[in-house]
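A.B. asks: After the structure tokens below, expect a handful of questions from me.
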Amino acid sequence: TTCLGLLLAIMLDRIKRESVPKSIIFMPMAISFVGASIIFKFMFEYRDPTDPQIGLLSALVKTIGFEPSNWLLVKPLNTFLLMIIFIWTQTGFAMVILSAAIKALPADVVEASALDGASGWKLFRNITFPMVRPTFIVVLATMVVTSLKLFDIVRTMTGGNFGTNVLAQNFYLEYFQYSHTGVAMATIVILMAAIIPVMIYQIRHYKK
């Protein structure tokens, strides 16, 4: 998500009327994870091959001559389909933050680099990315924490079944459905232990 946001920020920074595509890409950020999951649930909808396919993915697969399947039951494909929902909703956030960092680069430094022959990949590698690296790390850490504590997408799409369970969903099941309080609390401790190193790194980065 962070790398895609950076790529889009760089690409759109060079076109006219960049606000239009940026607004379109950022728009899914206004949709909750539950709302986005319901949208994609219709897109991944599967019906018997003899019936008309109303799901976009199944319809496309059938159009090109292949047999559609119940996508959310297929491992590990279902995990990647859930990742698409997260990427769709969060890429706009990463793009806007990184685009602002790129806009804030000193024009004289970029112009001097161009005069010295830096362009394209060389300009990005030696000038642009090192100068936006602090912002990149902040966005990356935010995305890592958001993905670690993710619950809504998994709960709405699969309920954690078919090999898609995550820590937050596991806590919900253990505590509210199975009444295994000890296991649920242990799951939360594991989740906190996974997030704390990221937060420590981010705080140290802020101090620098």
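The values are calculated or read from the model by the stated rules, or taken from the named source; none is laboratory data. Every value quoted in this text rests on a predicted model; they were computed, and no experiment measured them. Ideal geometry is used to build each Cβ from the backbone, glycine not excepted, and the neighbour counts take in all protein chains shown. Ligands, DNA and RNA are excluded from the accessible area calculation, which covers all protein heavy atoms including side chains. Shrake-Rupley method; radii C 1.70, N 1.55, O 1.52, S 1.80 Å.
A.B. asks: Hey, could you check segment 168-198 for residues that are among the aliphatic types (A, V, I, L, M), without any contact (Cβ under 8 Å) to a residue 24 or more places away in the chain and open to solvent by less than 40 Å² (accessible area, probe 1.4 Å) and say which is farthest from Leu77 (Cα to Cα)?
C.D. replies: Ala184
A.B. asks: Has segment 147-158 got at least one residue that is surrounded by fewer than 16 Cβ atoms within 10 Å (Cβ to Cβ) and part of a helix (DSSP H, G or I)?
C.D. replies: Yes, some residue in segment 147-158 is surrounded by fewer than 16 Cβ atoms within 10 Å (Cβ to Cβ) and part of a helix (DSSP H, G or I).
A.B. asks: Pairs only if they're at least six apart or on different chains, beta carbon under 9 angstrom, first in segment 116-131 and of a type in the set (S, T, N, Q), second open to solvent by 80 Å² or more (accessible area, probe 1.4 Å) and outside any helix (DSSP H, G or I); list them, first residue then second.
C.D. replies: Matching pairs, first to second residue: none at all.
A.B. asks: So, one more: Could you list, in sequence order, the residues of segment 113-146 that are in a helix (DSSP H, G or I), at pLDDT below 85 and among the hydroxyl-bearing types (Ser, Thr, Tyr)?
C.D. replies: Hit for segment 113-146 is Ser113, nothing else.
A.B. asks: Determine the pairs where a residue that is among the small types (Gly, Ala, Ser), located within segment 151-167, has a partner that is open to solvent by 10 Å² or more (accessible area, probe 1.4 Å) with Cβ atoms under 6 Å apart, the partner being 6 or more residues away or on another chain.
C.D. replies: If the second residue must be open to solvent by 10 Å² or more (accessible area, probe 1.4 Å), the pairs left are Gly163/Lys75.
A.B. asks: Take the conditions open to solvent by less than 80 Å² (accessible area, probe 1.4 Å) and not charged (D, E, K, R) and apply them to Phe26. Does it pass?
C.D. replies: It is false that Phe26 is open to solvent by less than 80 Å² (accessible area, probe 1.4 Å) and not charged (D, E, K, R).
A.B. asks: While we're looking at this one, here's another question. Can you go through Ile85, Ile102, Ile127 and tell me which one is out of contact with any His (no Cβ under 8 Å at 6 or more places or on another chain) and within 30 Å of Ile39 (Cα to Cα)?
C.D. replies: Ile85
A.B. asks: Next up: Among all residue pairs at least 6 apart or on different chains, which show Cβ distances below 9 Å where the first residue, located in segment 54-65, is under 16 Å from Leu77 (Cβ atoms) and the second is open to solvent by 90 Å² or more (accessible area, probe 1.4 Å) and part of a helix (DSSP H, G or I)?
C.D. replies: Gly55/Phe42; Leu56/Phe42
A.B. asks: Please work out which one of (1) closer than 28 Å to Gly159 by Cα; (2) assigned to a loop (DSSP other than H, G, I, E, B); (3) open to solvent by less than 90 Å² (accessible area, probe 1.4 Å); (4) of a type outside the set (Ser, Thr, Tyr) is the condition Arg47 fails and give its number.
C.D. replies: Going through the list (1) closer than 28 Å to Gly159 by Cα; (2) assigned to a loop (DSSP other than H, G, I, E, B); (3) open to solvent by less than 90 Å² (accessible area, probe 1.4 Å); (4) of a type outside the set (Ser, Thr, Tyr), Arg47 breaks only (3).
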